[in-house]
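Following: one structure in C-alpha cells, then a few remarks.
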Amino acid sequence: MNAREKEEYLREYEILKKKGKSFFPYAIMKDSVMMLVVAGVLIAMSIIMGAEQGPKADPTTTTYVPRPEWYFFYLFELLRVIKPPALVPVATIGIPTICMVLLLLLPFYDRGPERIPWKRPIATITGIMVIIAMALLTYKGAVAGPPTEIDLPTAPQYEKGKQIVAQSGCLACHAIGENGAHGGLGPDLTEIGSKIPREAIKQSVTIGPGIMPSFKGLGNEDLNAVADYLASLD
Amino acid sequence: MKLLPSRKKKAEADGSENGEVEAVAKPTRGERAAQAKQLATHHGTQSGIDVAGWVDSRTNATGIFTAMMSRHVPKGTNWFYTLGSATMFIFAMQAITGVFLSMYYTPSATQAYASITHLTNEVFMGEFVRGLHKWGASLMIILIFLHMARTFFFGAYKYPRELNWVIGVVLLILTTVMGLTGYLLPFDQRSFWATIVANNITASGPVVGPYLADFLRAGPDFSATTLSRFYALHMMVVPGLIGALIGAHLFFVVKLGTTAPPWVRAGRPKGSRPTEAVAAGVAVEDLDEVAVNGAVTVADAEPPAEAEVDAAEAEEVEAKPAEETEAETAAPEPAEEAAEEASSEEDGEVNS
Ligand code: HEM
C-alpha cells in the first residue's frame, strides 16, 4: 500500500465506522451470545466426557504408546511423512519454524491494498490449502491406531523380547514386517538383525537415538530380551 | 475521546437543571461538589464517602469505560467478529479453573498422579473442573485458529493492523506451549511418554535445540525437576505472557478499531439507506451516542455536544425522547433494547 492507498483506506474506514453501530449494546450482544454458546459447549463436553485419568507414569514399564494431544497430531504426522532420518530435524523443527516465521511476517510481505478474499487468490488459495493439509494430517494422525501386536512366527526363546517390543510402543514409530507404522518416525526394523549388530541394537534401545525415547527404564534383562529378539530378525 | 468534554458538560447542565440534586448539595461547595454529587447519585452511592467519584476523578475510569462502550464498530460487523472475544473468554475460563486445580495439585513426580486421583475422585466437582480445564484447552485451540482464519481471510492483518497480527501469532505459539506443558502435569503414562518424545523432538532442532531441551528437562535426563519446571511454565510464566499480550492486542483493537468485512463498501448505500451517505452517517452516530449515554447513565438528559451541532441535529433532537425512554425501560434487558433500538434507528434513518 502506498501513501495514497493508506489514506484512502483510512478515509473509507472512518465512514464505515460512522455508519456502524456502537460497541455497546450491539457488538457486545453478539460477543456475549457467542460466549454463552462456548460456555454451553464446554460444560456439555466436561459433563459428557469428563476427565479420565490414565495409568500412572512409570519410567520402567513403557507399555504406553506416546501419543500427543490431538492438536499436535498434524505435527506428529508431518514426522511420519518425512522418512529419511537425516531429514528428521527438517520435519521436526525446520518446517514448523519456517511456517511460523512466514505466518509472523505475513503483513510485511503481503502488503497489497486488496482485502476481498476472491480478489487476492494467492493468499486465499494458500490459506485454504494449509487448512486442508492440516486437517488431513490431523485426521491421519487420529486414525493411525497404535498396534500392540506383532504377528510374525518367532522361535520360543525370543517370545519374551517380542512381547516387550509389542507392548512398549515401538510400533508407533517402527514397522516390523506387516505390523506397526510403515513410513513412521523411525526406520523399519523388519531386517534390523542383518543391518546392525546386537550390541548396537541394545545401545539404540537403551539411549534412544534422535527423537526416539530412551528405554533404559526397561531394565537390563528386558533390554537384553529385546535386543535378542530384534537381532533375530533378518 | 470527544465524549469526555461532552460528559462534563452534561454533568454541569444536569446540576443546574435538576432541582433535587441542587437542593441537597450545599451551594457553598461549588461546582466540583455538585459534580461529585452527581456522580455519586448515578453510581447509587448516597453515603458521604463517594468512592466511585474519588477514583473517577483520579483515573477517569468512567470516561474511559464509556468511550470504550460507545465506540463504533464499522458497518457490516458480523458473527465472525465474536471469535476473538470468545477466545479471550475461554482463556479467562482456563485461568479460573486453573486456579482451582492448582489448589489441589502437587507438582512432584511422586505425588502428582495421586493428587490428580484425589482431585478427580474425592474433591467436590473435581472431575467437572478438570474436565472444564481439559476440554477448554481444546476449545481454545479451535477458537484461536478460527479467529486467525477470520483475520486472515478478511485481510485484517494489513495496514494499519500489522502489529496486531504479529502479537496474535505470538499468542498462538504461547497457547500451544500451554498445551504442551499442561499435558505432562497429570503424569500418567500417556502424558509422560508424549512429553519425552516432544522433548526429544525439541532436542533434534538445530543450534539451540539441545539446549532448549536440556532447559525444559532441567538436565540431560527427564527427572523430578522436569515436572516442577513444566508446572512453573504452565501456571505462571506463559499465562502471564498471554495475559499481557492479550492486553496489548485489545489495546490495538480499541485504538485502531476492527475492520469492516472487506466486501462492505462505504460509498454504496443500499436498500432504504439515504443517498447522502456521509451526512446520514453522522446523524446515525449521534443517535447512537444518545442511546448509549442514556443507557449507561440511566437516561440523563443530554444536551447535544456543541462540536456536533450541524444539519443533522434537527433530526437528532426530534428522535431523542423516544430513544431515551426506550433506553431507560429496557436497560436491564440488552437483547430487547438492541432489537428496539435497531428498529427505531431504522426509523430515524428513513426520516432523515
Ligand atoms: C489468545 C488469543 C487471542 C485473543 C484473546 C484475541 C482477541 C481478539 C479480539 C477480542 C479481537 C477483536 C475483534 C474480533 O474479535 O475479531 C481481535 C482482533 C484481531 N486479532 Fe486477535 N486474539 C487472539 C489471537 C490472535 C491470533 C492468533 C491472531 C493472528 C495471528 C490474531 C489477529 C488479530 C487481528 C489481525 C485482529 C484485528 C481484526 C480486525 O481488526 O478485524 N489474534 N483479537
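Every number in this text was worked out from the coordinates using simple rules, so none of it is lab data. On a predicted model such as this, the values are computed, not experimentally measured, just so you know. Here the Cβ positions follow ideal geometry from the backbone for every residue, glycine too, while neighbour counts run over all protein chains shown.
Can you put B:Tyr157, A:Tyr74, A:Tyr109 in order of Cβ neighbours within 10 angstrom, beginning with the fewest?
Going from least to most buried by this count: A:Tyr109, A:Tyr74, B:Tyr157.
Please go through the residue pairs A:Lys162/A:Lys216; A:Lys119/A:Lys140; A:Lys21/A:Lys119; A:Lys21/B:Lys158; A:Lys119/B:Lys255 and name each one whose alpha carbons sit more than 25 Å apart in this structure.
Over 25 Å Cα-Cα: A:Lys119/A:Lys140; A:Lys21/A:Lys119; A:Lys119/B:Lys255.
Hey, for a label at B:Ser138 modelled as a point 7 Å past Cα toward Cβ, could you say which residues of region B:180-202 have their backbone N under 20 Å away?
Within reach of a label on B:Ser138: B:180-195.
What residue among A:Ile95, A:Ile196, A:Ile122 has the largest mean-square fluctuation in a Gaussian network model of chain A, using Cα springs under 10 Å?
A:Ile122
Compute the FRET efficiency between B:Met68 and A:Asp58 as 1/(1 + (r/R0)^6), taking r as their Cβ-Cβ distance and R0 = 45 Å, and round to the nearest 0.05.
Efficiency at R0 = 45 Å is approximately 0.30.
What FRET efficiency, computed as 1/(1 + (r/R0)^6) with R0 = 30 Å and r the Cβ-Cβ distance, is obtained for B:Asn60 and B:Ala92, rounded to the nearest 0.05?
It comes out at approximately 0.75.
How big is region A:156-231 on each of its three principal axes, counting only the C-alpha atoms and giving the largest first in Å?
The Cα atoms of region A:156-231 stretch 30, 28, 23 Å along the principal axes, largest first.
By the scheme Lys and Arg +1, Asp and Glu -1, what is the net charge of all other residues having a beta-carbon under 14 Å from that of B:Ala114? Mind dumping the intermediate values first?
Numbers: positive: A:Lys56; negative: A:Asp58, B:Glu122, B:Asp188.
Here the count lands on -2.
Tell me, how many Å apart are the Cα centres for region A:22-47 and for region B:180-194?
Taking the Cα centre of region B:180-194 as reference, the centre of region A:22-47 is 31 Å away.
Relative contact order for chain A using alpha-carbon pairs under 8 Å, separation at least 6, rounded to a whole percent?
22 percent
Let's see if you can work this out: charge +1 on each Lys and Arg Cβ, -1 on each Asp and Glu Cβ, no other charges. What is the dipole magnitude of chain A about its Cα centre, in debye to the nearest 20? Don't jump to the answer; show the numbers that get you there.
Working: 23 positive and 23 negative charges, 268 e Å.
Roughly 1280 debye for chain A.
Give me the percent relative contact order of region A:156-231, please, defined on Cα pairs under 8 angstrom at least 6 residues apart.
Over region A:156-231, the number comes to 34 percent.
Explain nothing, just the number: dipole magnitude of region B:79-256 about its Cα centre with +1 on each Lys and Arg Cβ and -1 on each Asp and Glu Cβ, in debye rounded to the nearest 20.
Rounded to the nearest 20 debye, it is 480 debye.
Could you calculate the contour length gain from B:Ala218 to B:Ala244, that is, 0.36 nm times the residue separation minus the distance between their Cα atoms, to one decimal place in nm?
6.7 nm
Determine, for B:Thr110, B:Thr66, B:Thr87, the number of other Cβ atoms within 10 Å of each Cβ, and report the residues in order from fewest to most.
On the way: B:Thr110 10, B:Thr66 21, B:Thr87 26.
Ranked by crowding around the Cβ, least crowded first: B:Thr110, B:Thr66, B:Thr87.
Using only the Cα atoms, what convex hull volume per residue in Å³ does chain A have?
180 Å³
Helix-derived [θ] at 222 nm for chain A: sum -39500 (n - 2.57) over DSSP H runs of at least 4, divide by residue count, nearest 500?
So the calculated ellipticity at 222 nm is -16000 deg cm²/dmol.
Of A:Thr97, A:Thr190, A:Thr206, which is the most mobile in a GNM of chain A whose springs link Cα atoms less than 10 angstrom apart?
For chain A, modelled as a Gaussian network with Cα springs under 10 Å, the answer is A:Thr97.
Quick one: net charge around B:Phe251, please, counting Lys, Arg +1 and Asp, Glu -1 for every other residue with C-beta under 14 Å from its C-beta.
Residues close to B:Phe251 contribute a combined charge of +3.
Can you tell me the FRET efficiency between B:Asn78 and A:Ile207 if r is taken as the Cβ-Cβ distance and R0 is 56 Å, rounded to the nearest 0.05? Intermediate results must be reported in sequence, preceding the final value.
Numbers: r = 56 Å, r/R0 = 0.99.
According to the calculation, E is roughly 0.50.
Please report, in cubic angstrom per residue, the volume enclosed by the convex hull of the alpha-carbon atoms of region B:92-228.
Per residue, the Cα convex hull of region B:92-228 comes to 128 Å³.
What is the gain in length, in nm to one decimal, between A:Glu199 and A:Ile122 on full extension, counting 0.36 nm per residue of separation less the C-alpha to C-alpha distance?
Result: 22.4 nm gained on full extension.
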